[in-house]
Structure formats: C-alpha cells, structure tokens
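Please read the structure below before turning to the comments.
The values are calculated or read from the model by the stated rules, or taken from the named source; none is laboratory data. No experiment lies behind these values; they were computed from the predicted model shown. Glycine also receives a Cβ, built like all others from the backbone with ideal geometry; neighbour counts cover every protein chain displayed. Please note that ligands, DNA and RNA were not included when accessible areas were found on the heavy atoms of the full protein model with its side chains. Shrake-Rupley method; radii C 1.70, N 1.55, O 1.52, S 1.80 Å.
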Amino acid sequence: MKKLLVFALLAVVLTLGFSFKAIMVTDTGGLGDKSFNDGTWAGIERAAKELKVESKVIMSQEQSDYIPNLTKAAEEVMKEKDGGIVFAVGFMMTDALMKVAQQYPTVYFAGIDIAFDKELPNVINFLFKEQESAFLVGYIAAAMTRTGKVGFIGGIAIPPVERFRYGYEAGIKAYTDLKGKKITILRGYTNEFSDPKKGKDLAVSQFSQGADIIFAAAGACGNGVIEAAKERSEKLAGKGLENIKKYALAGKSLYYAIGVDVDQDYMAPGVVLTSAMKGVDMAGYYGVKWAFTGQFKGGVKNLGLKEQGVRMSEMKYTKEIVDKLAPNVLKELDYLKQLIIEGKVVVPDSEDALKVFTVKGVKLPK
C-alpha cells in the first residue's frame, strides 16, 4: 500500500513538474554538430532548467523526416496541460514548418532561420543578420592573411549561408578599400551540412591553392575545415596552444579556420582565428520563455549587431596573436562595428548589394 502511495505521489510530482514541454526538431545536421543545432539546444536547455519545464530533442536523419517529426512534436505538446513550444531548426525545414504549423494552430512554434511569405500567429520566425558578424571576421581574415588568399566554404547555398558569404566578402573588401591590400577569395560548397569529411576535403584543396585562412559556414562540415587547419598548423608549429602561439608570435605563417554560429574557438585553440556567431542560443532561450510566460507573439524577429543577435567571438586564444601581427585591427573593428550599429555602414545581404559595396569614404581612427 505504501509503495502504491509513493508511486502515486511521484506521478503527481512528475505531472506538475512537466506540464509544459519544449521540443526541438533538428535538421539533418543533428545534435553534436558543435554549431547550429547545438547552439539552439543550449538556449532551450537553459530556459527549461530555469523555468523547470521538460525539454526534448527529435533528430531528423533526412529531409523526409521533417514533417513527421514536427507532427509528432506538435502532438506531444498538445497532450501537455500547459502546452509547450516546438522548434524547427534550419532553413531547409521552411515548407515542413509552414504545413505543420497551419495544421496545429493552437501549438506554438519557433522557426530558426525560417521565414514565411505570410506570418502565422502561432509561429515566431527568428532570422539573423549573419552578414554583420561575418563582416567582422572577414575584416580580420583580410588583416591576417600572409598569402593574400583566403577561403570560404559553405554548406548548401541557402539564404543564411549566403548572407555569411556576403558579409565575409564585404569585410574583406572593406579592408582592401581602406588599406589597399589585394586579396583573392576562394569559394566552395559541400552541398550538405552533416559530413565533416567533405568540409575537410574542400579545405585541403583551398589550402593547397594558397589560402591560409578559411571561413566555413557549413554546419558539421565546418568541423572538418577546423580539423584540416589544425593538422596543417601542428605540422609546422607542433601540438598545443603554446607551440601554436610561439610559432605565430615569431611571425611565421600558419593555417587558420574561422568558426560559425557558436563560439568554436575552443575546438582548436590558436588555430580557430575567431568565430562569426549568431544568437541561436538566445532564440532558443526566448522562444521557450515567451511561450511559457504568455509573452509569445508570432511574426519575424530579425536580429543583428544592434539587437545583439550576432557577434564575433572574444578570441580567447588568438587575441594576442592578432594584436601582434595586425596592430590596431581590433580597434578598427570596434569603430566599424559602431558604424554598422548606427546604420552608417550597411553590410550587404545580397549579391547585387555586395557588388556595389564600399567603405572608401570611411576614415579610420588613428
């Protein structure tokens, strides 16, 4: 009898504790990508822990999983006493989210990097001005290249990936406008987001063609780019951060990668030059919080530098190297960042805008 009472009380506690559920449906990159999915999940988990609600992940192995997985998540949320929220992660889930969200109008949804032709009252669409954070890392890449060649590796050429490229190339162009340095950009695409080997193979090819810095906006494929840069740099300098720093500070050339979406600097300290970050963690956090507290309001939330929705990593392992090899570049970046926030410099978000972009009228602080 006592055992039955204990089980009954436990069931009540669990019901009370988990009457609201936040479910994330991944894209094919899945958890463990150390990038887009992991960043969103980190924000969801933080909110779930703070609010004491349940959080769950449903993994998508292929694109045909998107509709059934979102449907399953919506059905689960509907069973909860206080409801919940379903996250669709990634542009490739746009059509699936639109279809499922309309079928479940009483369920809250959040789309990360997803925009609709028409807004739905039960969907928050989180978009980011990726081009603004990419501008910053592009400017650093231009200042730090010793070969005059840098690379860009994208996953699939979808709008968020292309905005990263536009911003990266604009940052490089800004540096060449202001400093007169000639820089060549190599470009390549893995045409997917989940295979690090494809990223590594492309990186090896670009390094062989003379690039010494590569920015990867390719999900888990970018992990292979970081691996390729690490292997090449360690062959020159030896393993470990201290050897990398010593070699670089002596003025010797290394190979660098630039991370994306989250702070990936830790993945190869001293070799990941910096990371172009977007606030997917904050989107995850606020999506859960707004749905739980009744502050949810459907529509587009477009986040850039001004809204603190994108940023550059703090360069914990490489700041000393950049300060030594490219004096004043970080000070210049702070100035340019403020011009972007004030709207005096508009970072291009399209190919046409990139073609005419220039900062020749800007005067850098001395």
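Values computed for the structure shown
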quantity	calculated
Filter result (of a type in the set (S, T, N, Q) and under 17 Å from the mean Cα position of the chain (by Cα)) within segment 162-189	none
Counted residues, segment 66-92 - those being on the phi > 0 side of the Ramachandran plot and open to solvent by less than 10 Å² (accessible area, probe 1.4 Å)	2
Number of the condition not met by Met315 [criteria: (1) of a type outside the set (Gly, Ala, Ser); (2) at positive phi; (3) touching a helix residue (DSSP H, G or I) at 6+ places or on another chain (Cβ under 8 Å); (4) open to solvent by 50 Å² or more (accessible area, probe 1.4 Å)]	(4)
Whichever residue in segment 318-366 is under 15 Å from Leu136 (Cβ atoms) and among the hydroxyl-bearing types (Ser, Thr, Tyr) and, among such residues, is surrounded by the most Cβ atoms within 10 Å (Cβ to Cβ)	Thr318
Residues (more than 17 Å from Ala291 (Cα to Cα) and of a type in the set (Gly, Ala, Ser)) located in segment 91-110	Ala96
Subset tally (residues that are open to solvent by less than 60 Å² (accessible area, probe 1.4 Å) and out of contact with any strand residue (DSSP E or B) (no Cβ under 7 Å at 6 or more places or on another chain)) for segment 48-65	2
